[in-house]
Amino acid sequence: MPGHTSITPRISKELRDRLGQRVAQDVERRRAFLQDPRWAVSRRMPAAERATVRAALRAHIADLRASGELLDTVDALMTHAVKAELTLRGWNLDWPPVPANAPKSGRWPGSLHEHWPVKINARIPADLATRVHAACYHTSKEAIDALRVWRDDHPEIVTPRSDPAAWREYQELADQVTTPGDIWRASLQLLLGDQ
């Protein structure tokens, strides 16, 4: 699946600040290595030579981003972080496709209300986003199915005060669901350090 897809994770303000600091550091690193004479382009150079130098520079930057050596954009940082998180979990593999009734975007069954006040935007490879979605669904399928049954059995609003036993049951099932949002946040925390 070629191309990129947009993701919009919700994160804490602290995590957003650390993300901004890390990207800014790598922007400075990129500026520093752009001072290398091999990337210098002048008007006195033939047009073809200028184009060759610029193409080589773009390829070099792309290679550095792909390897995780240069994470000077949110897109590059998220891509690298998500791959690292999937590898850490043992989820960086080919998953079966998700069925039509699987959660797509928005709130997943079991997604508890947490206060993530900041949205960030990133574009990651489409196949990576598909892998995250499939991994989350397949590792959470039993709990998602159980939560749907639980919801049918408890159509009223259940709170810790109104029905403590039902609330505990819901919480136990919800704890077994991993959402894409969980992966986006865990990816950033893995790469940026958990503070």
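The values are calculated or read from the model by the stated rules, or taken from the named source; none is laboratory data. Since this is a predicted model, take the numbers as computed values, not measurements. For neighbour counting, all protein chains shown are included, and Cβ atoms are generated from backbone atoms with ideal geometry for every residue, glycine included. Heavy atoms of the whole protein, side chains included, go into the accessibility calculation; ligands, DNA and RNA do not. Shrake-Rupley method; radii C 1.70, N 1.55, O 1.52, S 1.80 Å.
Per-structure values
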quantity: Carbon plus sulfur fraction of accessible area for region 106-189, probe 1.4 Å, in percent; calculated: 49 percent
quantity: Cut-off 11 Å between beta-carbons: net charge of the residues surrounding Leu71, Lys and Arg +1, Asp and Glu -1; calculated: 0
quantity: Ala48/Ala24 FRET efficiency (R0 30 Å; Cβ-Cβ; nearest 0.05); calculated: 0.30
quantity: Candidates Thr73, Thr179, Thr159, ranked by Gaussian network fluctuation over the chain, Cα under 10 Å, top entry; calculated: Thr159
quantity: Heavy-atom accessible area per residue - the chain, 1.4 Å, Å²; calculated: 60 Å²
quantity: Dipole of region 65-121, positive direction: furthest Cα of Ala84, Val74, Pro109, with charges on the beta-carbon; calculated: Pro109
quantity: Magnitude of the charge dipole, region 110-174, Cβ model with Lys/Arg +1 and Asp/Glu -1, debye to 20; calculated: 400 debye
quantity: Value of [θ]222 nm, deg cm²/dmol, for the chain, DSSP H segments ≥ 4, -39500 (n - 2.57) each, nearest 500; calculated: -19000 deg cm²/dmol
quantity: Residue-level accessible surface for His4, protein heavy atoms, 1.4 Å, Å²; calculated: 110 Å²
quantity: Computed over the chain, the ratio Rg/Rh where both radii use C-alpha atoms and Rh is Kirkwood; calculated: 1.12
quantity: Estimated FRET transfer efficiency when R0 is 41 angstrom, pair Ala126-Gln35 (beta carbons, to 0.05); calculated: 0.70
quantity: Leu19, Leu34, reordered so the largest accessible area comes first (probe 1.4 Å); calculated: Leu34, Leu19
quantity: Residue-level accessible surface for Arg58, protein heavy atoms, 1.4 Å, Å²; calculated: 150 Å²
quantity: Heavy-atom accessible area ranking, 1.4 Å probe, most first, across Met45, Met78; calculated: Met45, Met78
quantity: Accessible heavy-atom area order of Tyr170, Tyr137, highest first, probe of 1.4 Å; calculated: Tyr170, Tyr137
quantity: Dipole of region 80-157 [Lys/Arg +1, Asp/Glu -1 at C-beta], most positive-end residue of Cys136, Ile120, Trp150; calculated: Ile120
quantity: Exposure of Trp39 as accessible area (Å², to 10), given a probe of 1.4 Å and all protein chains; calculated: 30 Å²
quantity: Net charge dipole size for the chain [Lys, Arg +1 and Asp, Glu -1 on Cβ; Debye, nearest 20]; calculated: 1260 debye
